[in-house]
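S.K.: Dropping a structure here in structure tokens format, bear with me for questions.
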Amino acid sequence: MSRLKVALLLFSLGFIFIVLDIPFATNLSYPHEYENSKKVIGEYQYYNIASNYGASCTYKMLDDSKSKTKEPETKINQQKGIKSSAPKLTKVIDKVYFKKVQIDIFNDFAGFIFILIGSILLVKCARQFKLAILTSIAGLIVHGIMFAIPFIINGIDLVNASFFIGMIYLAINIVTIYLVSAALLRMIPGPWCRDERKWCKILWFASFASQCLATFTFWLGSDFGMLKTLSWVIFGFTIFIQLAFWYIYMRAKDYIKRTYEKYYVKTNN
């Protein structure tokens, strides 16, 4: 298999591995229990810990009728002899607990490795591949930090760190896929591949939007089964978009090969 075919195969695998997340629980446990904090609401703690590291939670019933805004109304009703309605109870998250250590079957670490190797193989074809090498290395580092921090910090520090680092990590994912896509499109220049470039750009934007939406619904879906199911549907749609991108891109395989030979075959000769 030629260098070009290997690189394109690695890119396609890298895209799928980065986009798709299927957590798998191991038999390993975290070295400590999660330290619940009263500084933030339980939902914020649970969404972050569950979506990033897997978690369970307990619930409590909160009596909304005891709020200060309802006290004057309650006193008036008592003076008029009107019986107060039953207390309004709201189910909220109380305590959060770690589950077993989870790993991603389609691990992002492998995805960044694939993209890193593919970018190195085709680095002469477009300068965006050089930038993709840097963002892939950054993605590997941030991925390692995300995995390691629950072993180092706990409580509200872990929640805030995982939230902000997670946002940075999502940005690195999107930028890396954008750089590789832009570099690949530079390999099919000229008016002959105008339609392929147009549709590939549209599909990239659709993939970017669906990846962000899937991440958000997966985060909220920690406590809402319907949103969790919706997030899997969106993930499936994102994979379909990725496959459509590669199908349309490979329609220009003759021009891709010409560009590759321009930078590598002639250079080697």
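S.K.: Look through Phe151, Phe163 and report the one residue that is in contact with a Pro (Cβ under 8 Å, 6 or more places away or on another chain) and either exposed (fewer than 15 other Cβ atoms within 10 Å of the Cβ) or in contact (Cβ under 8 Å) with a residue 40 or more places away in the chain (or both). Please lay out each step first, then the result.
M.R.: On the way: Phe163 fails: in contact with a Pro (Cβ under 8 Å, 6 or more places away or on another chain).
Matching residue, one of Phe151, Phe163: Phe151.
S.K.: OK, next. Looking at Ala171, Ala209, Ala183, Ala148, which is the one that is over 29 Å from Asn48 (Cα atoms) and either hydrophobic (A, V, I, L, M, F, W, C) or out of contact with any helix residue (DSSP H, G or I) (no Cβ under 7 Å at 6 or more places or on another chain) (or both)? Show your work before the answer.
M.R.: On the way: Ala171 fails: over 29 Å from Asn48 (Cα atoms); Ala209 fails: over 29 Å from Asn48 (Cα atoms); Ala148 fails: over 29 Å from Asn48 (Cα atoms).
Checking each option against the conditions leaves just Ala183.
S.K.: Let me ask something else. In the stretch 190-210, which residues are touching a residue at least 40 places away in the same chain (Cβ under 8 Å) and assigned to a helix (DSSP H, G or I)? Break it down into steps so the answer makes sense when it comes.
M.R.: Let us first name the residues in the stretch 190-210 that are touching a residue at least 40 places away in the same chain (Cβ under 8 Å), namely 190, 192-193, 196, 199-200, 203-204, 207.
Residues satisfying the conditions are Trp192, Cys193, Glu196, Trp199, Cys200, Leu203, Trp204, Ser207.
S.K.: Further, regarding this structure: Please go through the stretch 186-200 and pick out each residue that is of a type outside the set (Asp, Glu) and either touching a Leu at 6+ places or on another chain (Cβ under 7 Å) or more than 19 Å from Thr238 (Cβ to Cβ) (or both).
M.R.: Across the stretch 186-200, the qualifying residues are Arg186, Met187, Ile188, Pro189, Gly190, Pro191, Trp192, Cys193, Arg194, Arg197, Lys198, Cys200.
S.K.: Any idea which of Tyr34, Tyr53 is open to solvent by less than 20 Å² (accessible area, probe 1.4 Å), more than 18 Å from the chain's Cα centre (by Cα) and at pLDDT 80 or above? Show your work before the answer.
M.R.: Numbers: Tyr53 fails: more than 18 Å from the chain's Cα centre (by Cα).
It is Tyr34.
S.K.: Report, by residue number, each residue of the stretch 213-269 that is at pLDDT 85 or above and among the acidic types (Asp, Glu).
M.R.: Asp254, Glu261
S.K.: Now a separate question. Looking at Ala214, Ala252, can you tell me which residue is within 17 Å of Leu20 (Cα to Cα), of a type in the set (A, V, I, L, M) and surrounded by 20 or more Cβ atoms within 10 Å (Cβ to Cβ)?
M.R.: Details: Ala252 fails: within 17 Å of Leu20 (Cα to Cα).
One residue alone meets the criteria, Ala214.
S.K.: Condition first: under 19 Å from Gly14 (Cα atoms), hydroxyl-bearing (Ser, Thr, Tyr) and either assigned to a helix (DSSP H, G or I) or open to solvent by less than 40 Å² (accessible area, probe 1.4 Å) (or both). Can you find one or more residues in the stretch 177-186 that meet it?
M.R.: yes
S.K.: Moving to a separate point now. Give the residues of the stretch 107-136 that are surrounded by fewer than 16 Cβ atoms within 10 Å (Cβ to Cβ) and in a loop (DSSP other than H, G, I, E, B), sorted by residue number.
M.R.: Lys124
S.K.: Would it be correct to say that Trp219 is surrounded by 15 or more Cβ atoms within 10 Å (Cβ to Cβ) and farther than 25 Å from Leu10 by Cβ? Walk me through how you get there before you give the answer.
M.R.: Numbers: surrounded by 15 or more Cβ atoms within 10 Å (Cβ to Cβ): yes; farther than 25 Å from Leu10 by Cβ: yes.
Spelling it out, Trp219 is indeed surrounded by 15 or more Cβ atoms within 10 Å (Cβ to Cβ) and farther than 25 Å from Leu10 by Cβ.
S.K.: Scan the stretch 231-238 and give yes if some residue there is free of Cβ contacts under 8 Å to residues at least 24 places away in the same chain, among the β-branched types (Val, Ile, Thr) and farther than 22 Å from Lys99 by Cβ, otherwise no. Talk me through it step by step, then tell me what you get.
M.R.: Of the residues in the stretch 231-238, the ones free of Cβ contacts under 8 Å to residues at least 24 places away in the same chain are 231-233, 236.
Of the ones still in play, those that are also among the β-branched types (Val, Ile, Thr) are 233.
Checking the rest, the ones that are also farther than 22 Å from Lys99 by Cβ come to 233.
Scanning the stretch 231-238, I find at least one residue that is free of Cβ contacts under 8 Å to residues at least 24 places away in the same chain, among the β-branched types (Val, Ile, Thr) and farther than 22 Å from Lys99 by Cβ, so the answer is yes.
S.K.: Would you mind finding the one in Lys91, Lys95, Lys60 that is exposed (fewer than 11 other Cβ atoms within 10 Å of the Cβ), part of a strand (DSSP E or B) and at pLDDT 70 or above? Can you show your working first?
M.R.: On the way: Lys95 fails: exposed (fewer than 11 other Cβ atoms within 10 Å of the Cβ); Lys60 fails: exposed (fewer than 11 other Cβ atoms within 10 Å of the Cβ).
Checking each option against the conditions leaves just Lys91.
S.K.: Which condition does Lys75 not pass, out of (1) in a helix (DSSP H, G or I); (2) at pLDDT 80 or above; (3) over 21 Å from the mean Cα position of the chain (by Cα), if it passes all the others?
M.R.: Tallying (1) in a helix (DSSP H, G or I); (2) at pLDDT 80 or above; (3) over 21 Å from the mean Cα position of the chain (by Cα), Lys75 fails exactly one: (2).
S.K.: How do the pairs read when you match residues in the stretch 88-110 that are of a type in the set (A, V, I, L, M, F, W, C) with residues anywhere that are part of a strand (DSSP E or B) and open to solvent by less than 50 Å² (accessible area, probe 1.4 Å), using Cβ under 8 Å and keeping only pairs 6 or more apart or on different chains?
M.R.: Taking only residues 6 or more apart or on different chains, the pairs are Leu89/Asp63; Ile93/Cys57; Val96/Ala55; Val96/Ser56; Val96/Cys57; Phe98/Ala55.
S.K.: Oh, and also: With the requirement that a residue be at pLDDT 80 or above and either more than 20 Å from Tyr264 (Cα to Cα) or surrounded by fewer than 20 Cβ atoms within 10 Å (Cβ to Cβ) (or both), what does the stretch 187-199 give you?
M.R.: Within the stretch 187-199, the subset at pLDDT 80 or above is 187-188, 193-199.
Scanning the stretch 187-199 gives Cys193, Arg194, Asp195, Glu196, Arg197, Lys198, Trp199.
The values are calculated or read from the model by the stated rules, or taken from the named source; none is laboratory data. Every value quoted in this text rests on a predicted model; they were computed, and no experiment measured them. When we count neighbours, we look across all protein chains shown, and the Cβ atoms used for this are built from the backbone with ideal geometry, even at glycine. Just the protein is used for accessible areas: all its heavy atoms, side chains included, with ligands, DNA and RNA removed. Shrake-Rupley method; radii C 1.70, N 1.55, O 1.52, S 1.80 Å.
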